[in-house]
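First up is the structure itself, then whatever we jot down about it.
The values are calculated or read from the model by the stated rules, or taken from the named source; none is laboratory data. This structure is a prediction, so every number in the text was calculated from the model and none was measured. Backbone-built Cβ (ideal geometry, glycine too); neighbour counts: all protein chains shown.
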Amino acid sequence: MENFEQLKGIVSQYLPDDVDASQIKMDSDFIQELNINSANLVDIVLDVEDAFDIRLENEDMDGMQTVTDALRIIDIKIAEK
């Protein structure tokens with residue numbers, strides 16, 4: 001859950017005004033539910049790379065539709081280090 005809280009902190013910085021950080025759940029879809037645009041999604045990916053000291057490839061970014069997807073990819077990348 002520690003990674004979830006860290007990811008939630010990153011994502012919350014990019015939420016539009018009509019979405020509250022309390023709405024970030026494990027199954028939240030970044031674009032459909034959290035209303036994060038593609039430019040901000042790129043910023044989130046860059047912040048995730050820095051925060052977790054990992055590198056994400058384009059295919060990783062394509063697979064990050066939900067918070068759970070992102071956490072799964074983060075866990076895989078950390079394990080590969």
Could you list all residues from segment 5-35 that are touching a residue at least 24 places away in the same chain (Cβ under 8 Å), farther than 17 Å from residue 49 by Cβ and crowded, with 16+ Cβ neighbours inside 10 Å? 24, 28
If I go through segment 56-79 residue by residue, how many of them are over 12 Å from the mean Cα position of the chain (by Cα) and outside any helix (DSSP H, G or I)? 1
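How many residues does segment 72-81 hold that are within 28 Å of residue 18 (Cβ to Cβ) and out of contact with any helix residue (DSSP H, G or I) (no Cβ under 6 Å at 6 or more places or on another chain)? Don't jump to the end; show me each part of the working.
As a first pass, look at segment 72-81 and keep what is within 28 Å of residue 18 (Cβ to Cβ): 72-74.
Now drop any that are not out of contact with any helix residue (DSSP H, G or I) (no Cβ under 6 Å at 6 or more places or on another chain), which leaves 72.
Going through segment 72-81 one residue at a time, the tally reaches 1.
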Would you mention how many residues in segment 41-68 are touching a helix residue (DSSP H, G or I) at 6+ places or on another chain (Cβ under 6 Å), over 18 Å from residue 79 (Cβ atoms) and of a type outside the set (Val, Ile, Thr)? 2
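Listed here are the residues, each with its yes/no results for (1) under 26 Å from residue 80 (Cβ atoms); (2) at pLDDT 95 or above; (3) in a loop (DSSP other than H, G, I, E, B); (4) charged (D, E, K, R).
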| residue | (1), (2), (3), (4) |
| --- | --- |
| 5 | yes, yes, no, yes |
| 16 | no, yes, yes, no |
| 25 | no, yes, yes, yes |
| 31 | no, yes, yes, no |
| 34 | no, yes, yes, no |
| 47 | yes, yes, no, yes |
| 51 | yes, yes, no, no |
| 54 | yes, yes, yes, no |
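So, residue 43, is that one within 18 Å of residue 8 (Cβ to Cβ) and in a helix (DSSP H, G or I) or not?
Values: within 18 Å of residue 8 (Cβ to Cβ): yes; in a helix (DSSP H, G or I): yes.
In short, yes.
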Here are 69, 50, 60: which of them is over 17 Å from residue 21 (Cβ atoms), loosely packed, with under 14 Cβ neighbours inside 10 Å and not hydrophobic (A, V, I, L, M, F, W, C)? 50
